[in-house]
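Asker: One structure, pasted below without further comment.
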Amino acid sequence: MIKEGDRVKVRTEKETIEGVLMPSSETDIVVVKLDNGYNVGIDKHKIRNMKVVEEHKEKKGKKKEVKIKKGLPTIIILGTGGTIASKVDYTTGGVIAKFSPAELLELIPELGKIANIKTELIANMMSEDMMFSDYQKIAATVKKHADKVDGIIIGHGTDTLTHTSAALAFMLEKINIPVLLVGSQRSSDRGSSDGSINLICAAKFIVESDFAGVALCMHATSEDDKCAILSPTKTRKMHTSRRDAFKVINDGPIALVGYKTGKVEFLKKDYLKKSKDKVVIKDKFDDNVILLKTHTNMKHSLFEFLAKNYKAIVFEATGLGHLPTNLGKENLKNYETLKKFIKKGGIVAISSQCLFGRVHPNVYVNLRRLSEIGCVFCEDMLPETAFIKLAWLLSNYKKDAKKMLTENLRGEINKRIEFEEDYLE
Ligand code: GLU
């Protein structure tokens with residue numbers, strides 16, 4: 001019987017494919033891992049025959065050691081979970097529990113040619129469950145390794161990948177090496193998995209460039225040709241399943257990395273460079289901050305609740321920064337509640353659910369009424385970034401938090417938006 005992990009030869013009408021049989025979540029698709037580390041999905045109905053070339057044997061006992069190659073840079077890959085980690089789980093059909101370099105290299109052998117790979121598993125979780133304490137663990141692990149390696153890659157679930165990237169960008173006040181967050185939109189049991197290419201491009205970027213700081217490395221297009229290096233504070237997951245789901249909003253990518261060519265093309269020139277400086281982290285967060293999307297027919301009782309229970313509210317407002325505070329009894333009560341809240345020291349930050357473009361404190365009377373009571377208009381900052389930034393500022397900069405919210409600290413505010421048109425096409 002053929003089983004997962006066996007090396008197989010699959011003959012279809014058109015070709016013969018050899019590789020390791022992987023688990024598949026789709027009943028009509030057989031997934032084979034090729035020797036270059038990439039998976040192909042083969043339609044079961046098109047298979048003429050499949051035979052075992054080499055049976056998979058469970059490895060018992062001794063831990064496999066990876067030899068250090070002299071002259072190669074060192075990269076540490078930190079695992080936090082998400083779909084990209086399921087790749088590690090599936091490996092040659094068995095389960096990888098320890099996330100060791102040997103196991104990872106068996107799965108993606110190209111990585112071993114780019115750098116000496118180290119690994120550390122921080123967590124194994126879905127990213128929607130992340131708490132500020134998880135961000136702190138990640139930052140502490142980055143600090144622990146930063147002076148000993150040439151770059152750090154963090155495997156992470158894609159759903160809140162940009163929340164973590166923003167948190168790390170703020171927490172790492174000084175960072176001397178590249179720290180790249182990498183996710184996978186499709187799991188490794190699918191022929192179209194993107195995880196290994198994202199990891200390989202991240203490793204190539206670390207080795208080939210002089211970039212330092214936090215960024216994302218994800219598919220730039222829906223082809224497997226290149227990855228984009230993206231801002232940690234201006235990027236957003238804009239599609240549930242596409243591999244090129246991650247887009248920079250109100251700005252452009254930092255660089256592109258060719259998957260086959262390995263070529264790094266910088267689109268931005270003003271980035272932080274690698275250095276010998278000591279790493280500085282400020283990793284506290286205040287969790288009395290909430291992010292809330294406004295909509296029509298909002299109840300005043302909710303505004304009362306927020307004012308009573310939080311220190312700061314980040315609104316994902318409509319259009320240029322409107323809140324339901326103008327006409328009608330309920331809405332006017334919302335206005336009075338916010339006014340009192342701010343007077344007592346509460347912070348109301350305003351971003352836009354439009355995402356593209358910037359909020360404006362005085363284009364309309366309604367907006368002027370909000371700026372008059374002290375609402376802070378967050379320019380073109382993404383709502384999630386404003387949320388993370390404010391929670392971080394409140395804890396680390398206390399009284400200066402409100403003032404610093406509209407200062408551009410990590411590229412989160414772009415004064416000159418050039419990439420608006422057709423960017424998501
Ligand atoms: N929702 C999970 C997460 O973000 C799985 C999705 C993924 O990894 O892309 O961790």
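The values are calculated or read from the model by the stated rules, or taken from the named source; none is laboratory data. On a predicted model such as this, the values are computed, not experimentally measured, just so you know. Neighbour counts run over all protein chains shown; Cβ positions are idealised from the backbone, glycine included. These area figures cover heavy atoms from the full protein model, side chains too; ligands, DNA and RNA do not enter into them. Shrake-Rupley method; radii C 1.70, N 1.55, O 1.52, S 1.80 Å.
Asker: Cross-link candidates for K340: which aspartates and glutamates have Cα within less than 13 Å, leaving aside residues fewer than 8 places away along the same chain?
Answerer: Result set, ordered by chain and number: E304, E372.
Asker: Pairing rule first: another cysteine's C-beta must sit under 4.7 Å. Under that rule, which cysteines of the chain stay single?
Answerer: C217, C354, C375, C378 - these cysteines have no disulfide-compatible partner (Cβ-Cβ under 4.7 Å) in the chain.
Asker: Additional query: Report the gain in length on full extension from L409 to K308: 0.36 nm times residue separation, minus Cα-Cα distance, nm rounded to one decimal.
Answerer: The L409-K308 span can extend by a further 33.4 nm.
Asker: Enumerate the calculated ³J(HN,Hα) couplings along the stretch 400-409 in order (Karplus 6.51 cos²θ - 1.76 cosθ + 1.60, θ = phi - 60°), each rounded to whole Hz, writing x wherever the residue is Gly or Pro.
Answerer: 7, 4, 5, 5, 6, 4, 9, 8, 7, 9
Asker: Got a sec? Charge dipole of the stretch 175-277, +1 on Cβ for Lys and Arg, -1 for Asp and Glu; which of I249, L199, V264 is way out at the positive end?
Answerer: Going by the charge dipole, the pick is I249.
Asker: Using θ = phi - 60° and the Karplus curve 6.51 cos²θ - 1.76 cosθ + 1.60, what whole-Hz ³J(HN,Hα) does each residue of the stretch 217-230 get, with Gly and Pro shown as x?
Answerer: Residue by residue, the stretch 217-230 yields 10, 9, 3, 7, 9, 7, 7, 9, 8, 8, 10, 10, 9, 10 Hz.
Asker: Now for a different question. Could you order the peptides 151-159, 244-252 from most to least packed, using the average number of other C-beta atoms within 10 Å per residue?
Answerer: Highest to lowest by the protection proxy: 151-159, 244-252.
Asker: Mind checking the dipole of the stretch 229-333: about its Cα centre, +1 per Lys or Arg Cβ, -1 per Asp or Glu Cβ, Debye to the nearest 20?
Answerer: The dipole magnitude comes to about 460 debye.
Asker: Considering only DSSP beta bridges with both partners in the chain, what is the antiparallel share in %, to the nearest 5?
Answerer: 55
Asker: Sticking with this structure for a sec: Once you've got the Cα coordinates, tell me which of K308/K344; K143/K234; K299/K403 are over 20 Å apart.
Answerer: Among K308/K344; K143/K234; K299/K403, the Cα-Cα distance tops 20 Å for K143/K234; K299/K403.
Asker: Also, I was wondering about something else. Just list whichever of K118/K274; K148/K282; K204/K274; K137/K204 have alpha carbons separated by over 18 Å in the model shown.
Answerer: Among K118/K274; K148/K282; K204/K274; K137/K204, the Cα-Cα distance tops 18 Å for K118/K274; K148/K282; K137/K204.
Asker: Could you tell me what percent of the accessible area of the chain is made up of carbon and sulfur, with a 1.4 Å probe and every protein chain present?
Answerer: That fraction is 51 percent.
Asker: Next up: Output the 0 to 90 degree angle, nearest 10, between the alpha-carbon long axis of helix 300-309 and the longest principal axis computed from the alpha carbons of the chain.
Answerer: Approximately 80 degrees, to the nearest 10.
Asker: Quick one: Karplus J couplings for the stretch 325-339, per residue in order, coefficients 6.51, -1.76, 1.60, θ = phi - 60°, nearest Hz, x for Gly and Pro?
Answerer: Karplus values, whole Hz, x for Gly and Pro: 9, 10, 10, x, 4, 4, 5, 5, 5, 4, 4, 5, 5, 5, 4.
Asker: Accessible area per residue for the stretch 242-380 in Å², computed with a 1.4 Å probe and the full protein assembly in place, what is it?
Answerer: 52
Asker: Note down the nm distance, to one decimal, between modelled labels 7 Å out along Cα→Cβ at N49 and at R11.
Answerer: Label at N49, label at R11, 0.5 nm between them.
Asker: Output needed: percent of Cα pairs per 20 Å distance bin for the chain, bins running from 0 to the one holding the longest distance.
Answerer: Final binned percentages: 25, 49, 22, 3.
Asker: Taking the Cα centre of the stretch 286-425 as origin, work out the dipole magnitude from +1 charges on Lys and Arg Cβ and -1 charges on Asp and Glu Cβ, in debye rounded to 20.
Answerer: So the dipole magnitude of the stretch 286-425 works out to roughly 1000 debye.
Asker: Using only Cα atoms, find the angle between the long axis of helix 132-146 and the longest principal axis of the chain, and express it within 0 to 90 degrees, rounded to the nearest 10.
Answerer: Roughly 60 degrees between the two axes.
Asker: Which value, in debye to the nearest 20, gives the size of the charge dipole of the chain about its Cα centre, when Lys and Arg are +1 and Asp and Glu are -1 at the Cβ?
Answerer: 1240
Asker: To continue, here is another question. Residues with amide H under 5 Å of I154's amide H, sequence separation 5 or more or different chain, H placed in the peptide plane at 1.01 Å from N; which?
Answerer: Those qualifying (amide H under 5 Å, at least 5 residues apart or on another chain) are L78, L180, L181, V182.
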